[in-house]
Amino acid sequence: MVSKLPPNHEHMDDQMFKMEVNLDDMSGEWLGYVMDLLFESGANDVFYTPIYMKKNRPGVLLQLLCSNRNLNRMKEILFNETTTLGLRYYPLTVHRVERRFRRVDIEWGTVTVKEGIYEGEVIQRSPEYEECKEIARANKVPLKKVYEKVWIKLNEI
């Protein structure tokens, strides 16, 4: 099985496309459904931004990032599942930093921390939210306390 995730090593990906459509006549339920379909079909990222369109009508800007190989599938979903009559897309280069995963033990359990490495240096750390949430609920402690314990442990390393 081929992974949908990009490789963990630092690299430039010059086979990416950004696609976007303006929508002013779709319900929130439909938008959620479309987002799920796009992710399931290989979109790397999907997001919505509130905008104002012609005649000052509120609308939504749907933007997505996908690889060249998924471009036609994304077009198909957008035309079939949204109310758009046209879409914009353009090539894009993405610089991805190396990703490394570290396990951190705190008093209530173990949390995975994703680290971003740029030119050999850790530039970003992010505890995995779902694991932190599960620990907080299971131990009846505030989520922010779980994060605090993870950060303290990371600073000791």
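Directionally averaged projected area (the stretch 34-90, Cα convex hull): 4.0 nm². Loop-located trypsin sites (Lys or Arg not before Pro) across the stretch 79-157 with a Cβ neighbour count of 14 or fewer within 10 Å are K140, with loop assigned by DSSP. With a threshold of 20 Å on the Cα-Cα distance, the over-threshold entries among K18/K54; K114/K144; K54/K75; K18/K55 are K18/K54; K54/K75; K18/K55.
For the pair Y89 and K114, the difference between a 0.36 nm per residue extended length and the Cα-Cα distance amounts to 5.9 nm. The angle separating the long axis of helix 143-156 from the principal Cα axis of greatest extent in the chain is about 60 degrees. Summing charges over neighbours of Y89, with a neighbour being any other residue whose Cβ is under 11 Å away from its Cβ, gives +2 when K and R count +1 and D and E count -1.
Between V122 and L154, the modelled label-to-label distance comes to 0.8 nm, taking each label 7 Å out from Cα in the direction of the beta carbon. Per residue, the accessible area of the chain comes to 65 Å², computed with a 1.4 Å probe over protein heavy atoms only.
Applying D = kT/(6 pi eta Rh) to the stretch 40-157, where Rh is the Kirkwood radius over alpha-carbon pairs, T corresponds to 20 °C and eta to 1.002 mPa s, the Stokes-Einstein value obtained is 119 µm²/s. Please list, by residue number, every one of the GluC sites (Glu not before Pro) in the stretch 1-108 that is coil in DSSP and has at most 16 other beta-carbon atoms within 10 Å. Answer by residue number: E10, E107.
Subtracting the Cα-Cα distance of E10 and K145 from 0.36 nm times their residue separation leaves 45.4 nm of extension gain.
Rounded, prolate or oblate: pick one for the stretch 76-129, where a ≥ b ≥ c are the square roots of the eigenvalues of its C-alpha gyration tensor, a/c under 1.5 means rounded, and failing that, prolate if a/b is larger than b/c, else oblate. Taking the square roots of the gyration eigenvalues as a ≥ b ≥ c, the stretch 76-129 is oblate.
The values are calculated or read from the model by the stated rules, or taken from the named source; none is laboratory data. These numbers were taken from a predicted model, which means no experiment stands behind them. Ideal geometry is used to build each Cβ from the backbone, glycine not excepted, and the neighbour counts take in all protein chains shown. For accessibility, only protein heavy atoms count, side chains too; no ligands or nucleic acids. Shrake-Rupley method; radii C 1.70, N 1.55, O 1.52, S 1.80 Å.
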